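J.: Got a structure for you, written out below as structure tokens; questions coming shortly.
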Amino acid sequence: MTYEKKDVVIKIGTSVLTNSKGWVSPSRVEEIVRQVSENRKKIKSVIIVTSGAIATGLSRLKINATPSSLKLTMKQLCAAVGQPSLMAMYTKYFDRYGINVAQILLTEEDLANQYRYKNFWRTLSALIEHDVIPIINENDAISVKELIPINPYVPDSVRFGDNDRLSAIIASKIKADLLIMLTDVDGFMMPTKNGVKLVRELRGVNKKLLSYVGSPGVLGRGGMLSKLQAAAIASRAGVTTVIANGLKKNIITRILNGENVGTVIKPTHKRFKS
């Protein structure tokens with residue numbers, strides 16, 4: 001299976017971009033950019049959904065802590081400090097390949113408000129049309145979901161508690177061919193009598209599968225549960241998802257070349273493009 005000339009959404013987890021201290025590593029960002037840039041001609045469009053603003057803030061402020069251990073105000077402070085630096089890294093490395101990028105920061109409320117929702121999709125479409133790579137992140141500097149975990153004004157269809165679900169919502173909306181979710185494990189590991197084994201392929205995601213996975217990671221809010229829930233959203237919209245280890249060499253290239261890496265979640269419905 002190959003993914004040439006496809007519309008692709010790539011979600012990059014915090015753990016893929018950080019070093020052993022939990023600080024963002026410029027070389028990790030550079031490596032992601034290299035792979036995307038070198039494969040640019042293989043795909044029609046690419047959208048990047050990136051985590052890492054809080055971890056970048058920790059790096060800038062030289063704070064030895066994990067994002068999950070911070071209080072809300074410190075998370076927002078680190079996100080506010082870190083987001084410009086994170087975007088600067090993406091811009092710097094994409095510039096080397098002559099590729100323009102654009103930043104979009106979102107909260108759930110942006111997608112819940114009809115006016116802002118339409119403006120977001122209009123902007124996103126225009127960027128893609130002009131061959132600009134949108135780089136999207138949740139706006140952690142002003143997001144209040146830690147204070148209001150379930151906002152009654154946000155419909156379920158646009159609710160996202162992390163970038164995993166956000167990437168799936170975007171992939172579903174644009175009718176992407178492929179959603180690549182990069183994390184620090186090889187894929188979905190199924191418990192067995194002798195330990196665990198990597199599941200290579202799934203057809204959709206059901207409640208039994210979700211019962212096998214646990215809590216979020218130390219560095220980011222999303223864990224395998226979040227990724228499988230996101231894959232379920234994408235699958236229902238006809239989008240193929242690959243969950244793979246972003247720390248492996250040339251992983252994006254290998255996925256785009258159709259190599260059997262990570263866990264592939266096939267769609268449960270056909271995708272109809274307008």
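The values are calculated or read from the model by the stated rules, or taken from the named source; none is laboratory data. Computed from a predicted model, the values in this text were never measured in an experiment. So basically every Cβ, Gly included, is an ideal-geometry build from the backbone, and we count neighbours across all protein chains shown.
J.: Could you tell me which numbered condition TYR97 fails, if it satisfies all but one of (1) of a type outside the set (Val, Ile, Thr); (2) part of a helix (DSSP H, G or I); (3) within 26 Å of ALA244 (Cα to Cα); (4) touching a residue at least 12 places away in the same chain (Cβ under 8 Å)?
T.: Of (1) of a type outside the set (Val, Ile, Thr); (2) part of a helix (DSSP H, G or I); (3) within 26 Å of ALA244 (Cα to Cα); (4) touching a residue at least 12 places away in the same chain (Cβ under 8 Å), only one is false for TYR97: (2).
J.: Okay, moving on. Kindly establish whether ARG96 is out of contact with any Leu (no Cβ under 8 Å at 6 or more places or on another chain), more than 29 Å from TRP23 (Cα to Cα) and among the basic types (Lys, Arg).
T.: Judged against the criteria, ARG96 is not a match.
J.: Just one of (1) surrounded by fewer than 18 Cβ atoms within 10 Å (Cβ to Cβ); (2) closer than 20 Å to MET190 by Cα trips up LEU247, so point out which.
T.: With respect to (1) surrounded by fewer than 18 Cβ atoms within 10 Å (Cβ to Cβ); (2) closer than 20 Å to MET190 by Cα, LEU247 is out only on (2).
J.: Moving to a separate point now. Search region 113-122 for residues being in contact (Cβ under 8 Å) with a residue 12 or more places away in the chain and over 22 Å from LYS5 (Cα atoms), and hand back the single one that is surrounded by the most Cβ atoms within 10 Å (Cβ to Cβ).
T.: Looking at the filtered set, the residue picked out is PHE120.
J.: Looking at ILE63, ILE47, ILE32 in this structure, which one is of a type outside the set (D, E, K, R) and touching a Pro at 6+ places or on another chain (Cβ under 6 Å)?
T.: One residue alone meets the criteria, ILE47.
J.: Residues being more than 17 Å from LEU166 (Cβ to Cβ) and assigned to a helix (DSSP H, G or I): count how many of those fall in region 16-54.
T.: 16
J.: Among the residues in region 102-118, are any in a loop (DSSP other than H, G, I, E, B), under 17 Å from the mean Cα position of the chain (by Cα) and either at pLDDT 95 or above or within 19 Å of VAL49 (Cβ to Cβ) (or both)?
T.: Yes.
J.: Can you find even one residue in region 57-66 that is surrounded by fewer than 16 Cβ atoms within 10 Å (Cβ to Cβ), at pLDDT 90 or above and under 21 Å from the mean Cα position of the chain (by Cα)?
T.: no
J.: Next question. Are there any pairs with C-beta distances below 6 angstrom linking a residue in region 4-19 that is touching a residue at least 12 places away in the same chain (Cβ under 8 Å) and closer than 15 Å to GLN35 by Cβ to a residue that is aromatic (Phe, Trp, Tyr) and buried (at least 23 other Cβ atoms within 10 Å of the Cβ), with the two at least 6 apart or on different chains, and if so which?
T.: none
J.: Filter region 173-198 down to residues that are assigned to a strand (DSSP E or B) and surrounded by fewer than 24 Cβ atoms within 10 Å (Cβ to Cβ), then give me how many there are.
T.: Residues in region 173-198 being assigned to a strand (DSSP E or B) and surrounded by fewer than 24 Cβ atoms within 10 Å (Cβ to Cβ): 9 in total.
J.: Only one of ASN206, ASN194 is among the polar types (S, T, N, Q), at pLDDT below 85 and within 16 Å of ILE265 (Cα to Cα); which?
T.: ASN206
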